[in-house]
Amino acid sequence: MRILFYFLPKLAVAAITMLGVSALVFLSLRMIPGGYADVLLGPFVTPEAREAIAVRYGLDQPLLIQYLNWLGALFQGDLGVSMVTRAPVLDEFLRRAPVTLELALLALIVALAGGLPLGILAGIAPPDHRGGLLARLVGALGASVPDFVLGSLLIFVFSVWSLWLRVGGYVGPIEDPVGNLRVMLLPALTLSLFGIALVLRTTRDAVLRVMTEGHITTALARGERPIDIVRLHVLRNAAIPVVTVVTTYFGFLLGGAVVVEVLFSIPGIGFFIFSGLENRDYAIVQAGVLIAAAVFITINMLADLAYALIDPRVGSGRH
Amino acid sequence: MFSILWRLDRLSRFGLGLLIFLILLGLVGPHLPLGDPMRIGAGPRLTPPSWQFPFGTDELGRSFLPRVVDGIRATFLLSAVAVIITAVIGTLLGMVSGFFGGFADQLVARGADILFAFPAILAGLLIAAVMGPGQISAIAVISVATLPLFIRVVRAVTLGLASRGFIVAAQVAGASPWRVMMVHILPNIIGAVIVQLTYALSIGMIIESALSFLGLGVQPPYASLGSLLRQGSAYLTFAPWLVLSSGAVLSAAIMSVNLTGDAVRDALEPLKGRSLT
Amino acid sequence: MSHIVTCENLVVTYRASNGPVRALDGVDLTISEGETLAIVGESGSGKSTLGMAMGRLLPAEAEREDGRMDVAGQPVFDIAANDLRELRRDLLGFVFQNPMVALDPTMRIGRQMQRAMGRRAGSEEIHALLERAELDDPARVAKSFPHQLSGGMAQRVVIAMASARTPRLLIADEPTASLDASIRDKVMGTLCRLRAESGASLVILSHDVHMIARHADRVAVMYGGRIVEQGPTGRVLDAPVHPYTRALLKAAAGHEKPGDWLTPIPGTPPLLSARCAACSFEPRCTVSEENCHTTRPEPREVEGREVLCLLAGTQTEPKEAAR
Amino acid sequence: MTAPLTPVVDLDRIVVTYGGGPFRRDGFQAVKGISLQIAPGETVGLVGESGSGKTTLGRVCLGLQPPSAGEMRFCGEAFGALRQRRGQLSVVLQHPEWALNPRLKCGRSVEEPLVVLGTPAEERRARVAAMLENVGLGASFAERFPGQLSGGQRQRVAIARALITEPRFIVFDEAVSALDVSVQAQVLNLVRELQDQHGFGALFISHDLAATRYISHRIAVMYQGEFVEVAEAARFYGEPEHPYSRKLMAAIG
């Protein structure tokens, strides 16, 4: 009951957000200079051809009707067709989704494996401990080196000394699992550095905050061992901010890590959207942004659900 | 406030010092005897670093060091302009949202949700499609990405303040909402805004350079650190100093901003921690 | 009678950004087995620091500068972490001011009780202990999270947890200050009854003179990081000899008659940064003399209690300053 | 002083309901039909435990919380908007550390109600100095920041701010609860003296019956949104009628 009463409004908010996103995305495409027809037919169009296009795409109708029509099509899974290949955009995206998903999961795993333990250790280390400084340094460094800088560096290193890992020449995980890993590991590592820093900093801050709470004093007062205090009382209480940044980070990864996919020639969603822009195939850009935002909103909704499971007070009306 | 900063530890001081150094370098760079960033054929093409060309030369024989110094200015300036405009708008919206509550709050909060749902670089692609690549697009992208951060932080802090005694007392005295916000709320949230400003600046610099790296930000012949990296990445294997120098300077610039942000935050709300024995 | 707590010249300072704060300025105190001692003082008097020091539960920025604190014969500031943990687990029980803060918000009460009672405690034992703390529906309470309980119920849980392993010393820091007035007395009653059943000593830290008057055998009044007057409750509260104790009793609302005026103590309590070389109450004292300003008072026996005042017992009737 | 005085605050069957609406559980009645008159120069104490609705009732009296039902009259007229009541009422709240804007000098905090009224700067300065003297602080406190003051001093500055416009009505919401006993008495006495001087009506909200009966003429005991007993303060030095009031008495001892 508690979770239901808490979650229903969140669902409504997510729906409103999605509607707002869709309206912005719709408007953006209508605002492209030269209009839709120019984009479709190039600069040398006859007025008749322009008229024909306008009627065919319903561009002669009021903007609101156009939007509603477009929205209606969306609900039937019609995200339009590529202006270049004429293939349905949705199919193109679904074909590339697994590549991006794999990359995102790999990066997330590395970020959690690196950031969580370091963050917890930095949080429970005594105030003047050297580990705290190290954690801050790693955190600052990871949040400061942009992915394309790190990616370029890795490409340089691994193309000069061809170690086991490879740059470019993507192969799918089903045809060649090992080869796939050799291709994906470098971009995943590139993406994960920021994640490590993000998780580390957030975890450290959250743990530090919990450590000064009264119930930690209570646990100390009844003679609990440090390991039990961390395990039983610190981790769960520190989890909410960590869940927040991890879901935001994952949403960002799934939305297509454009720069890294382009840099490493990984044929995922981000790469696809970017080449859509380069080819002036705006339907792809539009659909790509819409899908990414939808994924992001969904993941955040799952995070809201996670809050209620982690903290029994969430949604109880008392805080 | 600055006296608090200097009481902080080495890492914070290092970050603040680096930030000041880079900003000064970007400001006075054009007047330093570093060479002309635009002069084609100042030296042989793609020469490695030497005393004459500390960062080597690019494919047109231009000395790379003055180009990097120029890039620092472009990156800082563009991000700072975008972030400061955004901070002003976001602070106002956040205060209105947190103080008035009700419908205004819903409107602002949902707007922030919508902007927050756009991944920054993808929003950049969309905006580049609409407005064409360039500095204005880059500023718009940075604003879209950082506006929700300001709104959310300012709204939360304002909500916390709204029930404080001095706010209630001012309301009871008949002070107008504008007066309450400007005299009582703003001075008390400015610290949080500054912290957020530094983080937004670092995000803005990352976005700006990423867009420029993709060819969507600063356009040639002007250079930002991101576009220099883009330029250099074509010659990565045989002229790595182009990528390494501009990448290192870019990372150092962002790190100086991040460390400064940490320092300001630690000064405003220190996290103490405790030992478990 | 043996002593559960022996505290000698204890000095504790806190490191703060604007210089050290000396919270305890040389405390001498002994607590006997089975007695109930109330430590009274205003905020900043050092009473909480003293209470927490008994379990060495001070925050990281606090430092013991001088003196010693022996609890059950063990010097708490000088024993190994393991021994300290065993001491806290087996011999001490703490009750804190705000039960909502003292309980882990994400863990069910039953589980937290079990942590306090030891691994082998089954639900029967947990329920029995909750019942002894006068919680009516122990099964429901054990299944609840802290935020689902009222403040009074939560404090009873904390009291039950503190007495779970039949400690020899219970330390209660403002145990009823965060509770509604209508239940304070009952919760205090529960605490005292559980103490009596186990025969432990009880230390109550409080600013509420009237509450402790009913429950404590002995009272220690703290001011400026020292105990300025200690002795049997009746003697100290009915016939105080330290000027601060006297002033405090006159300032507290509760025992005046309708239409009476209270007599406030002028000024504000001190914040020490170093050893106080004089009487710390002297700036606010209405009866002080020349040497109060220059001499640090040492404990003296006056009228059956220990007092830290150069003048106590020498002036028969204190000169009262007009309001 | 002729005939019965017009009450400064006249509450007539006030009801306040919170919540309700889609996705929410049923509304919660914080105040259930309360009527109360406060005369000029009178202090009414309002005691009750947390969640009893006493703070909500205080907000109603200040015009910060519109009642869901019932009527509130101020000096015999409908309350209207807070802006029309400028200078006529004020408030002193709990938590001395948040009573004053930490970024403003105390003088500016105290003068703010006069600024809102449009009083000329010259006159403001003189009245601030006089009022700071009046609350026992001295005019030099105008130049200090709240961070440099103790809790009791801050509460005095807050009282100076509340009194600067000579209001007809002041709400004290847990105004002394966070203060130490010795300082509490200073502030309680100050309020009593100032009321004798200025003659404002007051609502003294507190969970502490001992302080409330010391300062009040009448006391209303609130329990779950209703008054269970309203009586002369002297009554609470003896044996109050309602069992709940007696429970509260037990805490004083």
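Summary of computed values
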quantity	calculated
Under the span-like rule (Cα at least 30 Å along the axis, Kyte-Doolittle mean at least -1.0), DSSP H helices of chain B	B:64-100, B:135-162, B:186-213, B:240-268
Fraction of accessible area attributable to carbon and sulfur, chain D (%, probe 1.4 Å)	49
Accessible solvent surface per residue of region D:161-205, calculated while the other protein chains remain in place, 1.4 angstrom probe, Å²	23
Candidates A:248, A:85, A:202, ranked by Gaussian network fluctuation over chain A, Cα under 10 Å, top entry	A:85
Fraction of antiparallel bridges per DSSP, the protein assembly as shown only, in percent to nearest 5	60
Spacing of the two label points (7 Å from each Cα toward its C-beta) at residue A:31 and residue B:36, in nm	4.1
Unit charges at the beta carbon, dipole of chain B: most positive-side option, B:241, B:19, B:69	B:19
GNM flexibility winner over chain A from A:222, A:50, A:166 (Cα, springs under 10 Å)	A:222
Accessible solvent surface per residue of region B:63-268, calculated while the other protein chains remain in place, 1.4 angstrom probe, Å²	30
Cleavage-rule hits (GluC sites (Glu not before Pro)) in region A:173-232: DSSP loop, at most 12 neighbouring Cβ within 10 angstrom	A:175
Selection of trypsin sites (Lys or Arg not before Pro), region C:96-147, meeting DSSP coil and at most 14 other Cβ within 10 Å	C:119, C:120
Label-point separation in nm, residue B:59 to residue D:119, each point 7 Å along Cα→Cβ	7.5
Exposed-site-free run, longest, chain B (rule: chymotrypsin sites (Phe, Trp or Tyr not before Pro); DSSP loop; at most 13 other C-beta within 10 Å)	B:52-237
Estimated translational D of region C:3-322 in µm²/s (Stokes, Kirkwood radius over Cα pairs; 37 °C; 0.692 mPa s)	159
GNM top mover of A:31, A:301, A:18 - chain A, alpha-carbon springs below 10 Å	A:31
Translational D in µm²/s for region D:9-227 (Stokes-Einstein at 4 °C, 1.567 mPa s, Kirkwood Rh from C-alpha pairs)	72
Using alpha-carbon coordinates, inclination of helix D:181-198 to the longest axis of chain D, degrees	80
Chain B, helix-only ellipticity at 222 nm - DSSP H runs n ≥ 4, -39,500 (n - 2.57), divided by all residues, nearest 500	-23500 deg cm²/dmol
Modelled label reach - residue A:316, point 7 Å along Cα→Cβ, region C:97-122 residues with backbone N closer than 15 Å	C:99-113
Length released on extending from residue A:236 to residue A:165, taking residue separation times 0.36 nm less the Cα-Cα span	21.8 nm
Amide H partners (placed H, <5 Å) of residue D:65, local residues excluded	D:60
Cross-link reach list, lysines versus residue D:247, counting only Cα pairs under 21 Å and skipping chain neighbours closer than eight places	C:186, C:257, D:54
Cα-based helix-to-principal-axis angle, A:269-278 vs chain A, degrees rounded to 10	40
Within the protein assembly as shown: Cβ-based charge dipole about Cα centre, in debye rounded to nearest 20 (Lys, Arg +1; Asp, Glu -1)	1040
Estimated FRET transfer efficiency when R0 is 51 angstrom, pair residue A:228-residue A:137 (beta carbons, to 0.05)	0.95
Accessible surface of region A:89-310 [probe 1.4 Å, protein heavy atoms]: carbon and sulfur percent	71
Spacing of the two label points (7 Å from each Cα toward its C-beta) at residue A:11 and residue A:157, in nm	4.8
Over region B:115-175 - Rg/Rh using Cα atoms and the Kirkwood inverse-distance radius	1.31
FRET efficiency estimate (nearest 0.05) - Cβ-Cβ, residue C:140 to residue C:119, R0 35 angstrom	0.90
Per-q log10 I(q)/I(0), region D:144-242, q = 0.20 Å⁻¹ (Debye; single scatterer per alpha-carbon; no solvent)	-1.07
Per residue, the convex hull volume that the Cα atoms of chain B enclose (Å³)	182
Interface C:D - total buried accessible surface [probe 1.4 Å, Å², rounded to 100]	2400
Lys, Arg +1 and Asp, Glu -1 on Cβ, resulting dipole of chain D about Cα centre, debye, nearest 20	600
Theoretical ellipticity at 222 nm over chain C - DSSP helices of four or more residues, -39500 (n - 2.57) apiece, nearest 500	-8500 deg cm²/dmol
Angstrom value of the Kirkwood radius, inverse mean 1/r, which spans all Cα pairs in the protein assembly as shown	34.0
Percentage, to the nearest whole number, of Cα pairs in chain A over 28 Å apart	55
Residues of type lysines that residue C:250 reaches as a straight line, Cα spacing below 19 Å, ignoring anything fewer than 8 places off in the same chain	C:319
Carbon + sulfur, % of accessible area of region B:24-79 - ligands and nucleic acids excluded, 1.4 Å	67
Peptide D:168-181, shielding by other chains (average Cβ, 10 Å cutoff)	3
Charge dipole of chain A about the Cα centre (unit charges at C-beta), most positive-ward option of A:9, A:297, A:206	A:206
Surface accessible to a 1.4 Å probe, per residue, for the residues of chain A, Å²	44
Accessible area that becomes buried as A packs against B, both chains, 1.4 Å probe, Å², nearest 100	4900
MRE, 222 nm, helices only [DSSP H, n ≥ 4, -39500 (n - 2.57), over chain D, to nearest 500]	-10000 deg cm²/dmol
Trypsin sites (Lys or Arg not before Pro) within region B:218-277: DSSP coil, no more than 14 neighbouring Cβ in 10 Å	B:272
Rounded accessible area of residue D:95 (nearest 10 Å², 1.4 Å probe)	80
Cross-link reach list, lysines versus residue B:272, counting only Cα pairs under 30 Å and skipping chain neighbours closer than eight places	C:47, D:105
Chain C: angle of helix C:181-198 to the longest principal axis, Cα-based, in degrees nearest 10	80
Solvent-accessible surface ranking, highest first, for B:95, C:153 at 1.4 angstrom	C:153, B:95
Average beta carbon contacts from partner chains per residue of C:255-268, 10 Å cutoff	6
Partner chain coverage, peptide A:205-214 - average Cβ within 10 angstrom	4
For region B:152-211 versus region B:70-106, the gap between their alpha-carbon centres in whole angstrom	11
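The values are calculated or read from the model by the stated rules, or taken from the named source; none is laboratory data. Just so it is clear, the structure is predicted and the values come from calculations on it, not from any experiment. Cβ coordinates were reconstructed from backbone atoms using ideal geometry, including for glycine residues, and neighbour counts include every protein chain displayed. SASA here: full protein model, heavy atoms, side chains in, ligands and nucleic acids out. Shrake-Rupley method; radii C 1.70, N 1.55, O 1.52, S 1.80 Å.
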